[in-house]
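*Asks:* Pasting a structure here, questions to come.
The values are calculated or read from the model by the stated rules, or taken from the named source; none is laboratory data. What you see is a predicted model, and the numbers here were worked out from it, not measured in a lab. In this analysis, Cβ positions are derived from the backbone assuming ideal geometry, glycine residues included, and neighbour counts consider all displayed protein chains. Just so you know, the surface numbers come from the protein's heavy atoms only, side chains and all, with ligands and any DNA or RNA stripped out. Shrake-Rupley method; radii C 1.70, N 1.55, O 1.52, S 1.80 Å.
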Amino acid sequence: MKLNALVVSRDQPSLRVLAAVLDVLEIEHQACSSSAEAVELLVHGHHSALLLDFDLPGAGQGARMAHMASPQRRPVVFAIVSAFTPVGGAFQSGVNFILYKPMVCEQVVRSLRAGERLMKPNPRHSPRHQLETLVYLQFGVTAMPAIVLDLSEQGLALQAPEPLPRAHHVPLHFVLPGTALSVEATGEVIWADDDGRAGIFFSDLTAASRNHLRNWLSKRGAKTKNAVRVLLPSRRGRPARELL
């Protein structure tokens with residue numbers, strides 16, 4: 001598989017240098033200007049590398065979302081930083097390499113060469129079907145993206161970039177995988193753990209959303225007996241925090 005990269009920045013000098021170096025290294029690339037757009041592209045497509053400007057709002061969250069991807073879809077993350085960027089925060093977000101502004105071609109080449117081995121797919125990781133969609137949870141004025149892990153008519157399990165707060169009335173929306181159908185609901189966080197995993201019960205669904213979800217599940221042969229399992233915490237990892 002040919003290597004490809006997603007470049008996330010609004011800094012034109014950096015974009016020009018990166019485009020030139022990626023062309024020389026024969027790494028396909030596309031660019032976007034926001035962390036939110038990058039998260040959507042990462043979930044719905046495969047990228048060998050993510051070159052993320054940490055001077056953009058939400059860059060740390062974008063890097064954590066990339067790190068949450070399954071091993072066969074997880075990109076190598078390069079943080080683009082300036083003299084005023086807190087580098088410690090970038091490493092805490094799970095980045096693999098640092099690229100410094102102003103960009104110098106030789107430095108970028110060395111870093112990308114060092115990361116090429118990690119970018120190549122591991123044949124031991126066999127592909128498997130997964131839900132590939134984001135759910136957006138609204139906490140006050142803040143919208144938090146999370147990856148949907150499992151789904152039923154009653155609720156969903158998710159992986160968020162940070163632990164979810166205690167909440168009993170959370171507006172949320174997501175697009176059903178493989179469709180353009182949107183589901184809008186209000187949910188209740190019934191459990192959450194310190195690693196960002198959580199289970200959310202749908203306390204209210206619009207009529208159209210319920211019909212879309214029911215038909216989507218039916219076409220995929222979803223079993224009624226799985227409805228409760230989806231909402232239960234995983235037995236792996238740290239114990240869940242019960243929300244009272």
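*Asks:* Once R0 is set to 41 Å, what does the formula 1/(1 + (r/R0)^6) return for the Cβ-Cβ distance between F84 and R166, expressed as a FRET efficiency to the nearest 0.05?
*Replies:* Values: r = 35 Å, r/R0 = 0.85.
For F84 and R166, the calculated efficiency is 0.75.
*Asks:* Give me the 1.4 Å probe accessible area per residue for segment 17-70, excluding ligands and nucleic acids, in Å².
*Replies:* With all protein chains present, segment 17-70 gives 38 Å² per residue.
*Asks:* With a 1.4 Å probe and all protein chains left in place, how much of the accessible area of the chain comes from carbon and sulfur atoms, in whole percent?
*Replies:* 55 percent
*Asks:* Once label points are set 7 Å from the Cα along Cα→Cβ at both V24 and S218, what is their separation, rounded to one decimal in nm?
*Replies:* 5.9 nm
*Asks:* Search the structure for amide H atoms under 5 Å from the amide H of D150, placed 1.01 Å from N in the peptide plane, and list their residues when 5 or more places away or on another chain.
*Replies:* Under 5 Å from the amide H of D150 lie the amide H atoms of A157, each far enough along the sequence or on another chain.
*Asks:* Ok, one more. Using R₀ = 30 Å, calculate the FRET efficiency as 1/(1 + (r/R₀)^6) where r is the Cβ-Cβ separation of V141 and H67; round to 0.05.
*Replies:* Using R0 = 30 Å, I get an efficiency of 0.70.
*Asks:* For the pair K2/F91, report the inter-label distance in nm, with labels modelled 7 Å from Cα in the Cβ direction.
*Replies:* Here the modelled spin labels are 3.6 nm apart.
*Asks:* Return one whole number: the accessible area per residue of segment 132-174 in Å², for a 1.4 Å probe.
*Replies:* Working: 1730 Å² over 43 residues.
Counting only protein heavy atoms, the per-residue value for segment 132-174 is 40 Å².
*Asks:* Once you place label points 7 Å from the Cα toward the Cβ at R110 and S34, how far apart are they in nm?
*Replies:* Between R110 and S34, the simple spin-label model gives 3.6 nm.
*Asks:* Using only helices, what value at 222 nm comes out for the chain when you add -39,500 (n - 2.57) per DSSP H run of length 4 or more and divide by the total residues, to the nearest 500 deg cm²/dmol?
*Replies:* Helix contribution divided over all residues of the chain: -8500 deg cm²/dmol.
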